[in-house]
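Trainee: Take a look at the following structure, please.
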């Protein structure tokens, strides 16, 4: 099974054909428009099996799947102490595999923006996260940890590790968090401003057999400020 996560930086209706070359079974795309209300018929025709959520019809998150796969949205809570956190999309694939799509948002929070949003979502749904594949744009890296926060990137990693979820990139390339050689995001699409902020976490059992993880090459910077992550598992 081949899974791709990519922040398309908007305008997926004019970029989706580039994704076809990846031949993914499952795509998780951030900052994409809602196919249901799109004015672009070719995009609507392409998006024939998907689940999309978002507050803005032009910039949400979406799972797309090949026609032979079944997608069902899971009813997990996103309310933490009376506040909604965003953006998170849990789905069930083929009545069997849990996928959790992440686009960590500032959500206008002065304290709990980005990785703080995910930390809250994890507290609400920690039991649900067991055996899930968690992927997307976390807008976070260990290099930005702050000593006086209990919801740092490292704290989130510890919680994920406690339920036996591990970063596929770091296991595959034998690199430590915060010391990633390959970057996934380039601010203003400048090569000298690269950061590793996109991830795929899976149960350890998915990495006991053959698996692979690749990051798209720099040609993707012509259409986005993120590179896609392509993960493949022998399931």
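Trainee: Need the failing condition index for residue 124 against (1) surrounded by fewer than 15 Cβ atoms within 10 Å (Cβ to Cβ); (2) part of a helix (DSSP H, G or I), just the number.
Mentor: Against the list (1) surrounded by fewer than 15 Cβ atoms within 10 Å (Cβ to Cβ); (2) part of a helix (DSSP H, G or I), residue 124 comes up short only on (1).
Trainee: Also: Any residue in segment 99-123 that's on the phi > 0 side of the Ramachandran plot: show its pairings with residues that are in a helix (DSSP H, G or I) and surrounded by 22 or more Cβ atoms within 10 Å (Cβ to Cβ) at Cβ separation under 6 Å, as long as the two are six or more apart or on different chains.
Mentor: Close Cβ pairs (under 6 Å, with a partner that is in a helix (DSSP H, G or I) and surrounded by 22 or more Cβ atoms within 10 Å (Cβ to Cβ)) amount to 107/117.
Trainee: Another question, then. Among the residues of segment 161-175, count how many are under 25 Å from residue 221 (Cα atoms) and not in a helix (DSSP H, G or I).
Mentor: Total meeting the criteria: 2.
Trainee: Any residue that is in a loop (DSSP other than H, G, I, E, B), more than 18 Å from the chain's Cα centre (by Cα), at pLDDT 95 or above and over 23 Å from residue 119 (Cβ atoms) - is there at least one of those in segment 24-36?
Mentor: no
Trainee: Okay, moving on. What is the one condition in (1) surrounded by fewer than 20 Cβ atoms within 10 Å (Cβ to Cβ); (2) farther than 18 Å from residue 132 by Cβ that residue 96 does not satisfy?
Mentor: (2)
Trainee: With 183, 164 as the choices, which residue is touching a strand residue (DSSP E or B) at 6+ places or on another chain (Cβ under 9 Å) and within 22 Å of residue 114 (Cβ to Cβ)?
Mentor: Going through 183, 164 in turn, just one is touching a strand residue (DSSP E or B) at 6+ places or on another chain (Cβ under 9 Å) and within 22 Å of residue 114 (Cβ to Cβ): 183.
Trainee: Suppose the filter is within 24 Å of residue 100 (Cβ to Cβ) and in contact with a helix residue (DSSP H, G or I) (Cβ under 9 Å, 6 or more places away or on another chain); does residue 208 pass it?
Mentor: So residue 208 does not fit the description; no.
Trainee: Mind counting the residues in segment 100-114 that are surrounded by fewer than 22 Cβ atoms within 10 Å (Cβ to Cβ) and closer than 23 Å to residue 215 by Cα?
Mentor: Matching residues across segment 100-114 total 2.
The values are calculated or read from the model by the stated rules, or taken from the named source; none is laboratory data. As the structure is a computational prediction, the values presented were derived from the model and not from experiment. Positions of Cβ are generated from backbone atoms using ideal geometry, with glycine treated the same way; all protein chains shown enter the neighbour counts.
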